[in-house]
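Everything on this sheet refers to the single structure shown next.
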Amino acid sequence: MKIVSVQTHALTLPLHTTFVTALRRTSEVQTLVVQIIAEDGTSGFGEAPQVWQVTGDSVAGARACIEGPLAARVLGRDSDDTVRLLRDVRGAVAGNTSAKAAVDVAVHDLLARLHGMPLVRWLGGTSMTVGTDVTLPVGSTDAVVNAAVARVGEGFTVLKVKVGTDSRADVQTVTALRDAVGPLTKIRLDANQGWTERQAIHAIRMLEDAQADIELVEQPVAAHDIDGLARVTAHVDTPVMADETVYGIADLVEVIRRHAADMVNVKLAKCGGLAVGRTLLELAVSAGLETIVGSMMESPVGVGAAASLAAAYGTSATSDLDAAWWLERPGAGGITYERNEVILPNRPGLGIDGVDDLQGQ
């Protein structure tokens, strides 16, 4: 089926609670949804979220990239020629991973719809549910503890605590959090590059000494500091997970070569889409690294694609797919949340009929 049109839609979606990390503070999702249309009128959707502090991609930049060089690579092409089509998309421009991911996911969504099956089944999976953690934003100890108790009461069993602003305060908060939620709830930390190597080792060792039972620590140091990441990994017992350090295959190869992390977080907006995401998961597993699939602050388009990947391929730890849970208006179609699970729609593709679905209209 030939692709005859590529359209983009800029969306601003409010969150029900302000989201705060070591890198940013936001009360809304700003994102670009791409719509790829086949000659029979069937549409596939993908998403390029604006995350200045991580990917550096913006809505305006993604739109220019998609409507320009990426559209030129896909218009008039046969959507079934997936391997060569998406290889051309990846090679069309440098960087712009969010834009590439949006087109990649839209092509996969289109193909799944054309064949009348949910995206997860098109990817080779059968499970229609996948577990997720829930994030606790940066805040005072009382605020974090209160949020944690509320989330556990709602059925979440894995809490992702944003740290990295003050290592000493972080230790106090996490220790208090463990006391509040008890031993059965898993606690993982995400420093979003906010610690130095020394601070990371000190903080993690203090939490180990306090028997806080931390599941993992995500990206404790700056993305470019692979040596520092490797030294943190070597000097603590808690598993260390690479996130911002790993965008594509070459990055993961370097992390593996240097024994820089125990785990990797695969995100579509970083790696450029499902085609590369699948390779990253396979490579990580073959090298003995544990895996999760994550998301940026995205709509049900981006999170639905990530959840479909996680459900189809499996991960060694609970994935990080709560981004759409934060939306004030969940919208219609696509994924839904039930306690600590993402429910994939039993409809073709991502289960979203149009952009209006995403805005709750």
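The values are calculated or read from the model by the stated rules, or taken from the named source; none is laboratory data. Fair warning: this is a prediction, and the values are worked out from it, not measured in the lab. Neighbour counts run over all protein chains shown; Cβ positions are idealised from the backbone, glycine included. Surface areas here come from the heavy atoms of the whole protein model, side chains and all, with no ligands, DNA or RNA. Shrake-Rupley method; radii C 1.70, N 1.55, O 1.52, S 1.80 Å.
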Practice problem: Mind telling me which of E254, E298, E28 comes out most flexible in a GNM of the chain, alpha-carbon contacts under 10 Å? | Solution: E254
Quiz item: DSSP beta bridges in the chain, what fraction antiparallel, as a percent rounded to 5?
Solution: 55 percent
Quiz item: Picking from T238, T126, T97, which is most flexible by a Gaussian network model of the chain using Cα springs under 10 Å?
Solution: T126
Practice problem: Give the value in nm², to one decimal: projected area of the alpha carbon convex hull of the range 198-319, averaged over all directions. | Solution: 7.3 nm²
Quiz item: If you add up the charges near G155, with Lys and Arg at +1 and Asp and Glu at -1, over every other residue whose beta carbon is less than 10 angstrom from its beta carbon, what do you get?
Solution: -1
Quiz item: In whole Hz, what ³J(HN,Hα) sequence does the range 28-36 give by Karplus (6.51, -1.76, 1.60; θ = phi - 60°), x for Gly and Pro?
Solution: 7, 9, 10, 8, 10, 9, 9, 10, 9
Exercise. Summarise the long-distance tail of P(r) for the range 260-299 by giving the % of C-alpha pairs beyond 13 Å.
Key: 49 percent
Quiz prompt | Per residue solvent-accessible surface (Å²) - the chain, probe of 1.4 Å | solution = 38 Å²
Quiz item: Considering only the range 87-225, what is the antiparallel percent among its DSSP beta bridges, to the nearest 5?
Solution: 0 percent
Practice problem: Could you look at the chain and say what percent of its accessible area is carbon and sulfur, using a 1.4 Å probe and all protein chains? | Solution: 47 percent
Quiz item: Under a 5 Å amide H to amide H cut-off, with H placed in plane at 1.01 Å, what residues pair with Y337 once short-range neighbours are removed?
Solution: I343
Quiz item: For the range 283-361, with the dipole built from +1 on Lys and Arg beta-carbon atoms and -1 on Asp and Glu ones, taken about the Cα centre, which of W325, N340, A311 lies farthest toward the positive end?
Solution: A311
Quiz item: Going 7 Å from the Cα of M117 toward and past its Cβ, which residues in the range 282-317 have a backbone nitrogen under 18 Å from where you end up?
Solution: 305-314
Quiz item: With charges only on Cβ, +1 for K and R and -1 for D and E, what is the dipole size of the range 22-125 about its Cα centre, in debye, rounded to 20?
Solution: 360 debye
Quiz prompt | Estimated FRET transfer efficiency when R0 is 35 angstrom, pair T129-V4 (beta carbons, to 0.05) | solution = 0.50
Quiz item: Whole-Hz Karplus ³J(HN,Hα) for the range 198-207, in order, using 6.51 cos²θ - 1.76 cosθ + 1.60 and θ = phi - 60°, x for Gly and Pro?
Solution: 5, 4, 4, 4, 4, 5, 5, 5, 4, 5
Quiz prompt | Degrees separating the helix 82-92 axis from the principal Cα axis of the chain, which is the longest one | solution = 70 degrees
Exercise. Evaluate the distance, in nm, between pseudo-label points positioned 7 Å from the Cα of A234 and of S286 along their respective Cα→Cβ axes.
Key: 2.6 nm
Quiz item: Among A94, A148, A323, which one moves the most in a GNM of the chain with springs linking Cα atoms closer than 10 Å?
Solution: A94
Quiz item: Helix 226-235: angle to the longest alpha-carbon principal axis of the chain, degrees 0 to 90, nearest 10?
Solution: 40 degrees
Practice problem: Under 18 Å from a label point 7 Å along Cα→Cβ of D81: give me every residue in the range 263-298 with its amide N that close. | Solution: none
Quiz item: Around A317, what is the net charge, scoring Lys/Arg as +1 and Asp/Glu as -1 over all other residues with Cβ under 10 Å from its Cβ?
Solution: -2
Quiz item: Per Stokes-Einstein, at 4 °C and 1.567 mPa s, what whole-number D in µm² s⁻¹ belongs to the range 264-323, with the Kirkwood radius over Cα pairs as the hydrodynamic radius?
Solution: 116 µm²/s
Practice problem: Apply the Karplus parameterisation 6.51 cos²θ - 1.76 cosθ + 1.60, with θ equal to phi minus 60°, to every residue of the range 285-290 and state each ³J(HN,Hα) to the nearest whole Hz, in sequence, with x for glycine and proline. | Solution: 4, 5, 8, x, 8, 7
Quiz item: Taking only Cα atoms, what is the 0 to 90° angle, nearest 10, from helix 97-114's long axis to the longest principal axis of the chain?
Solution: 60 degrees
Quiz prompt | Calculated SAXS-style log₁₀ I(q)/I(0) at q = 0.12, 0.14 Å⁻¹ - the range 68-175, Debye, Cα scatterers | solution = -0.69, -0.77
Quiz item: What are the residues whose amide H is under 5 Å from the amide H of G164, where those residues sit 5 or more places off or on another chain and H is modelled from the backbone?
Solution: none
Exercise. Could you work out the mean projected area of the convex hull around the alpha carbons of the chain, in square nanometres to one decimal?
Key: 15.7 nm²
Self-check item: Amide proton proximity set for R77, modelled H, under 5 Å, gap of 5+
Solution: I3
Quiz prompt | Mean residue ellipticity (222 nm) of the chain, computed from DSSP H runs ≥ 4 via -39,500 (n - 2.57), nearest 500 | solution = -11500 deg cm²/dmol
Quiz prompt | Rg and Dmax [Cα atoms of the range 1-88; Å; Rg one decimal, Dmax integer] | solution = 15.4, 46
